[in-house]
Amino acid sequence: MSSKTDEKFMRLALEEAAAAAEEGEVPIGAVVVCNGEVVARAHNRRETDLDPSAHAEFSAMVAASRALGRWRLTGCTVYVTLEPCLMCAGLMVNARIDRCVFGAADPKGGALGTLFDVSHDERLNHEFEVEAGVLADEAADQLRDFFRERRRAAKAAKQAAAAAENAEV
């Protein structure tokens, strides 16, 4: 695939990440592409759904399987704004995807090259291609901005609570 094509689909994943942020979720988005067509898109919904598996790429792969009517996602590429964790990378192995393209690396949990490399572990029954760093700055900025705003809001709430407590005294 060309870098222009990867960027086009990563921009869709970034749109999903923005939707997650609007819902108060960590801004991570994903799309699954098969034969050049988007077959599924999703964003993080762990807080909303109270579901530890509701990661963007996990949900997108489940939706893609339903849309395609098969559990094997051969011929599919998963685009995700943040490097997948072990759970999601494991699902990629089990779903037999052809390729994963991600934006920002995840130094705390990345399983496609940063902490682990599940995509090329010869002990597993499937390997797949990985393209890292596509629109990484935009993906990292979304995450940074989200957490910066969350810290700012928490600080403001703490200051407001302290001011209210002092006013009562």
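A few remarks follow.
- For the stretch 2-42, dividing the convex hull volume of the Cα atoms by the residue count gives 49 Å³ per residue.
- Ranked by the mean number of other Cβ atoms within 10 Å of their residues, highest first, the peptides 152-164, 19-31 fall in the order 19-31, 152-164.
- For the stretch 132-164 and the stretch 2-63, distance of Cα centres in Å: 20 Å
- Residue (of 34, 19, 54) at the positive-pole extreme of the stretch 1-73, dipole from beta-carbon charges: 34
- Surface composition of the chain: carbon and sulfur atoms hold 51% of the protein heavy-atom accessible area at a 1.4 Å probe.
- For the chain, accessible area per residue (1.4 Å probe, heavy atoms of protein chains only), Å²: 54 Å²
- Taking every C-alpha pair closer than 8 Å and separated by at least 6 residues, the mean separation divided by the residue count of the stretch 15-169 gives a relative contact order of 17 percent.
- Remark on the chain: ratio of C-alpha radius of gyration to 2.2 N^0.38 Å is 1.16.
- Estimated FRET transfer efficiency (residue 94, residue 38; beta-carbon r; R0 22 Å; 0.05): 0.50
- Convex hull volume of the Cα atoms of the stretch 58-147, normalised per residue: 90 Å³.
- Expected 222 nm ellipticity per residue - DSSP helices of 4 or more, -39500 (n - 2.57), all of the chain, to 500: -15500 deg cm²/dmol
The values are calculated or read from the model by the stated rules, or taken from the named source; none is laboratory data. For clarity, every value in this text was computed on a predicted model and none was experimentally measured. For neighbour counting, all protein chains shown are included, and Cβ atoms are generated from backbone atoms with ideal geometry for every residue, glycine included. The area values use the complete protein model at the heavy-atom level, side chains included, leaving out ligands, DNA and RNA. Shrake-Rupley method; radii C 1.70, N 1.55, O 1.52, S 1.80 Å.
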